[in-house]
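Participant: Below: one structure in structure tokens.
The values are calculated or read from the model by the stated rules, or taken from the named source; none is laboratory data. Remember, it's a predicted structure, so these values are computed and weren't measured experimentally. Every residue, glycine among them, receives a Cβ derived from its backbone with ideal geometry; neighbour counts consider all protein chains shown.
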Amino acid sequence: MRKNNGFSNLYLVLLFAVLYAPIFYLMYYSFNSGGTMHGFEGFTLEYYREVVQDTRLMIIVINTLVIALLSSAIATLIAILGALAIQYVRNRRAKNTLLSLNNVLIVSPDVIIGASFLILFTIAGIKLGFVSVLLSHVAFSVPIAVLMILPHLQDMSPTLTDAARDLGASRRDVLTKVILPIIKPGIFSGFFMALTYSLDDFAVTFFVTGNGYSTLSVEIYSRARQGVSLSINALSTLIFLFTILLVIGYYFLTRRKSRTAVAIAEPAAEAGVPR
Amino acid sequence: MTNKGRSYYLIPYYLWIALFVIAPVLLILYYSLFDLDGHFTLGNYVNFFTPVYLKMTLTSFWYAFLITAFSLLVAYPAAYLLTRTKHKQLWLLLIILPTWINLLLKTYAFIGIFGTFGPVNNLFDVFGIGEQQILFTGFSFVFVSVYIFIPFMILPIFSALEELNLSLLDAARDLGASGWTTFRRVVFPLTISGVRSGCMAVFIPALSLFMITRLIAGNRVITLGTAIEQHFLVTQDWGMGSTVAVFLIAIMALFMMLTGGSRKGVQK
Amino acid sequence: MKPLVNAFLAIVVTALALMYLGAWMNSNEGYSGGNTLTIYNWGDYVDPELLEQFEAETGITVIYQTFDSNEAMLTKVQQGGTTFDVVIPSDYAIAKMREEKLLLPLDHSKLPNLAHLNPRFLNLSFDPGNQFSVPYFWGTVGIIYNPELTKGMDFSSWNSLWDSRLKNNIFLVDGAREVMGMALNSLNYSVNDQNEAHLQDALSKLNRLSPNVKAIVGDEIKMLLAGEEAAVGIVWSGDASEIMDENDKLDYIVPEEGSNIWFDNMVIPRTAANVEGAHRFIDFMLRPEVAAQNAEYVGYSTPNDGAMKLLPPEIAEDTRFYPPAEITDRLEVYDNLGKRMLAHYNELFLMFKMNKK
């Protein structure tokens, strides 16, 4: 393995500094007794106390996580099939049409997606709440996951699958033993991007939710008029620290295990998911 | 490969397209044909070709282009360097992690950071540059947008680089190619599919950005996304909002045709 | 293949475990089944302690759901699919909901605490006779300014905003009615003016304001002004009081030419499932002690005379947020201009935005 030199290390350090700057800014002010995100007055843990005591907020956090994990997993499954579908279409025009259809939801602003899903759900008579939110999140996460998986399929040499078929592998074997292992990094990228989409979505969830079901984004955005209180900062800090511990902890756990094993495990694979 | 009749496992995806893509698009098309009073009209389409909307379309394009270009410029070297670090999977995860913190909160943080009395201006003061207005400029808009989209660009490029056969690089070097030549003739062409999917994942949503235009650009940048948002939520003119959306989708499809067309030339 | 399947299973198992935990917490809170009341309100716009008090008194479990704009709320109520028992929209949205027959008439006999409300805030154009709505909070639109930065400038007129000393120093709130209304007021027209010539006058006057405008922003205007990013802002009084809580250097004024007076009222939508509970909740919120506690928590102006007597004098006697009748008489409620006119206002506002350099 070639080592990065000082200059390239500096580049990465800078990149990470910028990526985490707003998060550290948020975390810093979650301890501000002044109650605002500017002008640090004094240290307090008041907002953390508020978070822990707020059961409604806790339920909302759990809802958010459940929706994010389930919708991303389902969306990734559909996206694998979708990427295969797009890949197997030989006709270039048909392929482009399929890709364009795939991308419609990425290009449509959230309000439009939200409003049209709301109309669809009411026509279909689906009760607004957990199911409608889950379906919508699956729906708008599929295209981004497809975009992440597709290049891996495109790069895969067709001779590989042909060879497997010639050697007598069944269709199913080709899929599970040849194709899936090759596109695995894409599948994980797709899953993580779907997770990002789901956690960040406000507008679509707002329209399709109901009967008291809420997610963190909806709650945060609707607090904007009153001013988002620092307890939301505190909550984000807790979530952030928890996630980062999970990610790092799991990474090193799997790594130690795999040292004895043959290959380096896919840390990205299961990271973030405790067993 | 095509083995017709046994593609039943593709059903979920086609079902998804039918229910969540085609149906909403039909709905949008339908709405775009009605005016405020609910009368059938083509007026919305005529209205789109007025200077106001054309200018907006151009602005959206220009900024989406800038955002994509800068994302690529930052992301490619980053992805390249990441593949060479020790715990690369971990670092990659750490790139994605910030995206899981609520966007509105991060944007509020950026308002604080870029503000007149924020850390960036303090830094400027230290270096004697003096106070600058960073918020509510095209620069801050592009910067924050790139910030939002950068993981979407890094991820596919990283995966593409990962699959790159290292022996190819050695071969190129053995044949006397310089670092730059190796990159231009071997590495970049082989990762072009990752670059393309990254560009798509950035450019397409960048066309319809809306919240950042208000929060960070103070409505100095008005994009098609903002217009749709306004029509749906403020004026409740779903007709015009849908019309703008129809154009947005058409533009995206056109973009797909163009980039899709060049694919064969590069790869085969 | 195996790590893929494992990862997938791990995710699903985690999600299901979390779901179970969530359901358990929900049932502990009593959210599932039984006697519930769904309140649809802006985020953090009620003191949560009061909701608990209401639950303890009545045995009704409150489900609190939130929205972030009147228009988004309207879409949800129109489409149905979910029931809300009490909703808290703003004045013009109430007019619209009334027009579209989305509201249930209130049974005044079940609301004895109505008597505590100041008659100034009753029987207004958006709901004559308060047939459908009861005021929750109210306020004005005005200028918030930083006397230190504006060096003694006088803001008793809207026209002071056009002063060249304020170059790049004004934040406008991102609302077509507010900004157009301000320009119309400055020309001594009504905030509800529909005369095309007057509107064009207002637009060209606004375009001349462009050099002074630093940005047109939404709710974040509060943190921007409190952080002194600009010296002057056009804001709702509720926001102003919050900004001044954070930064006491600032001051708020409603210009003499007139301005807007706004209301957030409680209504019961036609689709309500617990109409009885909704009336009980509204009457509960009208109780002077409750209204006073809520006003202190939220920081907006209460229309409840009984509550005014219970509020600390420094709040109740602040004429910036509780202006006397002779000032409120000059203020106008936004009329429902109809879709066409509203679209026209927005179009003009959009032109003003695009005009900016």
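Participant: So, in segment B:198-212, of the ones that are touching a residue at least 24 places away in the same chain (Cβ under 8 Å) and closer than 16 Å to A:Phe202 by Cα, which residue ends up farthest from the other protein chains (Cβ to nearest Cβ)?
Facilitator: First, pick out the residues of segment B:198-212 that are touching a residue at least 24 places away in the same chain (Cβ under 8 Å): B:198-209, B:211-212.
Filter again for closer than 16 Å to A:Phe202 by Cα, leaving B:205, B:208-209, B:211-212.
Details: B:Pro205: 5, B:Ser208: 5, B:Leu209: 9, B:Met211: 9, B:Ile212: 12 Å.
Per the criteria, the residue is B:Ile212.
Participant: Any chance segment B:163-182 includes a residue that's assigned by TED's automatic domain parsing to the domain that holds B:Leu93, acidic (Asp, Glu) and buried (at least 17 other Cβ atoms within 10 Å of the Cβ)? Before you say what the answer is, go through the steps one by one.
Facilitator: Pass one, segment B:163-182, residues assigned by TED's automatic domain parsing to the domain that holds B:Leu93: B:163-182.
This time we only want the ones that are acidic (Asp, Glu), so: B:163, B:170, B:174.
Add one more test, that the residue is buried (at least 17 other Cβ atoms within 10 Å of the Cβ), and what stays is B:163.
The answer is yes, given that some residue of segment B:163-182 is assigned by TED's automatic domain parsing to the domain that holds B:Leu93, acidic (Asp, Glu) and buried (at least 17 other Cβ atoms within 10 Å of the Cβ).
Participant: Could you identify the single residue in A:Leu153, A:Leu120, A:Leu98 that is surrounded by fewer than 24 Cβ atoms within 10 Å (Cβ to Cβ) and either under 19 Å from the mean Cα position of the chain (by Cα) or at the interface with chain B (Cβ under 7 Å from one of its Cβ atoms) (or both)? Lay out the reasoning, then the answer.
Facilitator: Details: A:Leu153 fails: either under 19 Å from the mean Cα position of the chain (by Cα) or at the interface with chain B (Cβ under 7 Å from one of its Cβ atoms) (or both); A:Leu98 fails: either under 19 Å from the mean Cα position of the chain (by Cα) or at the interface with chain B (Cβ under 7 Å from one of its Cβ atoms) (or both).
Of A:Leu153, A:Leu120, A:Leu98, the one residue that is surrounded by fewer than 24 Cβ atoms within 10 Å (Cβ to Cβ) and either under 19 Å from the mean Cα position of the chain (by Cα) or at the interface with chain B (Cβ under 7 Å from one of its Cβ atoms) (or both) is A:Leu120.
Participant: As an exercise: evaluate C:Ala273 against (1) surrounded by fewer than 18 Cβ atoms within 10 Å (Cβ to Cβ); (2) outside any loop (DSSP other than H, G, I, E, B) and give the number of the one condition it does not meet.
Facilitator: All conditions are met except number (2).
Participant: Still on this structure, please answer the following. Mind listing whichever residues of segment C:336-351 are surrounded by fewer than 17 Cβ atoms within 10 Å (Cβ to Cβ) and not in a helix (DSSP H, G or I)?
Facilitator: Of everything in segment C:336-351, nothing turns out to be surrounded by fewer than 17 Cβ atoms within 10 Å (Cβ to Cβ) and not in a helix (DSSP H, G or I).
Participant: Given (1) among the hydrophobic types (A, V, I, L, M, F, W, C); (2) surrounded by fewer than 23 Cβ atoms within 10 Å (Cβ to Cβ); (3) assigned by TED's automatic domain parsing to the domain that holds C:Phe284; (4) touching a residue at least 40 places away in the same chain (Cβ under 8 Å), where does C:Ile94 come up short, assuming only one miss?
Facilitator: If we test C:Ile94 against (1) among the hydrophobic types (A, V, I, L, M, F, W, C); (2) surrounded by fewer than 23 Cβ atoms within 10 Å (Cβ to Cβ); (3) assigned by TED's automatic domain parsing to the domain that holds C:Phe284; (4) touching a residue at least 40 places away in the same chain (Cβ under 8 Å), just (2) comes out false.
Participant: For segment A:1-57, enumerate the residues that are on the phi > 0 side of the Ramachandran plot and touching a residue at least 40 places away in the same chain (Cβ under 8 Å).
Facilitator: Answer for segment A:1-57, where residues must be on the phi > 0 side of the Ramachandran plot and touching a residue at least 40 places away in the same chain (Cβ under 8 Å): just A:Gly35.
Participant: Does A:Gly227 qualify as being modelled with pLDDT under 85, touching a Lys or Arg at 6+ places or on another chain (Cβ under 7 Å) and surrounded by 22 or more Cβ atoms within 10 Å (Cβ to Cβ)?
Facilitator: Answer is yes for this residue.
Participant: Out of the residues in segment C:97-142 that are β-branched (Val, Ile, Thr) and under 19 Å from C:Pro324 (Cβ atoms), state the one that is surrounded by the most Cβ atoms within 10 Å (Cβ to Cβ). Talk me through it step by step, then tell me what you get.
Facilitator: Pass one, segment C:97-142, residues β-branched (Val, Ile, Thr): C:134, C:140-141.
Applying the additional criterion that residues be under 19 Å from C:Pro324 (Cβ atoms) yields C:140-141.
Details: C:Thr140: 23, C:Val141: 27.
Ranking the qualifying residues of segment C:97-142, first place goes to C:Val141.
Participant: Mind checking which residues of segment C:159-210 are loosely packed, with under 15 Cβ neighbours inside 10 Å and closer than 21 Å to C:Leu224 by Cα?
Facilitator: Hits for segment C:159-210 are C:Arg165, C:Lys167, C:Asn168, C:Ser210.
Participant: On to the next question. Kindly check whether there is at least one residue in segment B:213-233 that is acidic (Asp, Glu) and more than 14 Å from chain C (Cβ to nearest Cβ).
Facilitator: Initial filter on segment B:213-233 (acidic (Asp, Glu)): B:229.
Applying the additional criterion that residues be more than 14 Å from chain C (Cβ to nearest Cβ) yields none.
For segment B:213-233, residues acidic (Asp, Glu) and more than 14 Å from chain C (Cβ to nearest Cβ): absent.
Participant: Mind listing just one residue for me: the one in segment A:46-82 that is among the polar types (S, T, N, Q) and more than 20 Å from the chain's Cα centre (by Cα) and, of those, farthest from the other protein chains (Cβ to nearest Cβ)?
Facilitator: Here is the first cut: in segment A:46-82, the ones among the polar types (S, T, N, Q) are A:53, A:55, A:63-64, A:71-72, A:76.
Right, trim to more than 20 Å from the chain's Cα centre (by Cα) and you get A:53, A:55.
Numbers: A:Gln53: 10, A:Thr55: 6 Å.
Out of the qualifying residues, it is A:Gln53.
Participant: Going by the structure shown, is C:Gly142 in a strand (DSSP E or B), in contact (Cβ under 8 Å) with a residue 60 or more places away in the chain and within 14 Å of chain B (Cβ to nearest Cβ)? Can you show your working first?
Facilitator: Details: in a strand (DSSP E or B): yes; in contact (Cβ under 8 Å) with a residue 60 or more places away in the chain: yes; within 14 Å of chain B (Cβ to nearest Cβ): no.
No: the conditions fail for C:Gly142.
Participant: I've got another one for you. Which condition does A:Ala85 not pass, out of (1) within 23 Å of C:Val77 (Cα to Cα); (2) surrounded by 20 or more Cβ atoms within 10 Å (Cβ to Cβ); (3) facing another protein chain (nearest Cβ under 7 Å); (4) not polar (S, T, N, Q), if it passes all the others?
Facilitator: (1)
Participant: For segment C:107-127, what are the residues that are part of a loop (DSSP other than H, G, I, E, B) and more than 15 Å from C:Ile261 (Cβ to Cβ)? Even if it seems obvious, please write down each step before you answer.
Facilitator: Looking only at segment C:107-127, we keep the residues that are part of a loop (DSSP other than H, G, I, E, B), and these are C:107, C:111, C:118, C:122-127.
Within segment C:107-127, C:Asp107, C:Leu111 qualify.
Participant: Out of B:Phe114, B:Phe141, report the one residue that is under 18 Å from the mean Cα position of the chain (by Cα), among the aromatic types (Phe, Trp, Tyr) and in the same structural domain as B:Gly218 (by TED's automatic domain parsing). Show your work before the answer.
Facilitator: Numbers: B:Phe114 fails: under 18 Å from the mean Cα position of the chain (by Cα).
Exactly one residue qualifies, and that residue is B:Phe141.
Participant: Name, by its number, the condition in (1) closer than 30 Å to C:Ala72 by Cβ; (2) in contact with a Pro (Cβ under 8 Å, 6 or more places away or on another chain); (3) within 12 Å of chain C (Cβ to nearest Cβ) that does not hold for A:Met193.
Facilitator: (3)
Participant: Only one of C:Leu74, C:Leu51 is without any contact (Cβ under 8 Å) to a residue 40 or more places away in the chain, buried (at least 19 other Cβ atoms within 10 Å of the Cβ) and touching a Lys or Arg at 6+ places or on another chain (Cβ under 7 Å). Can you tell me which? Spell out how you get there, then give the answer.
Facilitator: Details: C:Leu51 fails: touching a Lys or Arg at 6+ places or on another chain (Cβ under 7 Å).
C:Leu74 is the lone residue from the list that is without any contact (Cβ under 8 Å) to a residue 40 or more places away in the chain, buried (at least 19 other Cβ atoms within 10 Å of the Cβ) and touching a Lys or Arg at 6+ places or on another chain (Cβ under 7 Å).
Participant: Give me a count of the residues in segment C:248-271 that are in contact with a strand residue (DSSP E or B) (Cβ under 8 Å, 6 or more places away or on another chain) and more than 21 Å from C:Asp329 (Cβ to Cβ). It would help to see each step written out before you state the result.
Facilitator: The first filter runs over segment C:248-271 and keeps only residues in contact with a strand residue (DSSP E or B) (Cβ under 8 Å, 6 or more places away or on another chain), leaving C:250-255, C:258-270.
Now narrow it down to the ones that are more than 21 Å from C:Asp329 (Cβ to Cβ): C:250-251, C:266-270.
Residues that pass the stated criteria total 7.
Participant: While we're on this one: Hey, could you check segment C:208-247 for residues that are acidic (Asp, Glu) and away from chain B (no Cβ under 14 Å) and say which is farthest from the chain's Cα centre (by Cα)? Even if it seems obvious, please write down each step before you answer.
Facilitator: Of the residues in segment C:208-247, the ones acidic (Asp, Glu) are C:219-220, C:228-229, C:239, C:242, C:245-246.
Still in the list and also away from chain B (no Cβ under 14 Å): C:239, C:242, C:245.
Numbers: C:Asp239: 9, C:Glu242: 13, C:Asp245: 18 Å.
Ranking the candidates gives C:Asp245 first.
Participant: Which of the residues spanning segment C:49-73 are within 8 Å of chain A (Cβ to nearest Cβ) and of a type outside the set (Gly, Ala, Ser)?
Facilitator: Within segment C:49-73, the first condition is being within 8 Å of chain A (Cβ to nearest Cβ), and the residues that meet it are C:63-68, C:72.
Residues satisfying the conditions are C:Ile63, C:Tyr64, C:Gln65, C:Thr66, C:Phe67, C:Asp68.
Participant: All but one of (1) in contact with a helix residue (DSSP H, G or I) (Cβ under 8 Å, 6 or more places away or on another chain); (2) modelled with pLDDT of 85 or more; (3) within 8 Å of chain A (Cβ to nearest Cβ); (4) surrounded by 22 or more Cβ atoms within 10 Å (Cβ to Cβ) hold for C:Leu18; which doesn't?
Facilitator: (4)
Participant: Considering only segment C:272-281, I want to know if a residue exists there that is touching a residue at least 24 places away in the same chain (Cβ under 8 Å), polar (S, T, N, Q) and not assigned by TED's automatic domain parsing to the domain that holds C:Thr83.
Facilitator: no
Participant: For segment B:161-242, which helices (runs of 4 or more DSSP H) that fit wholly inside it have 2 or more residues that are of a type in the set (D, E, K, R)?
Facilitator: It comes to B:166-174.
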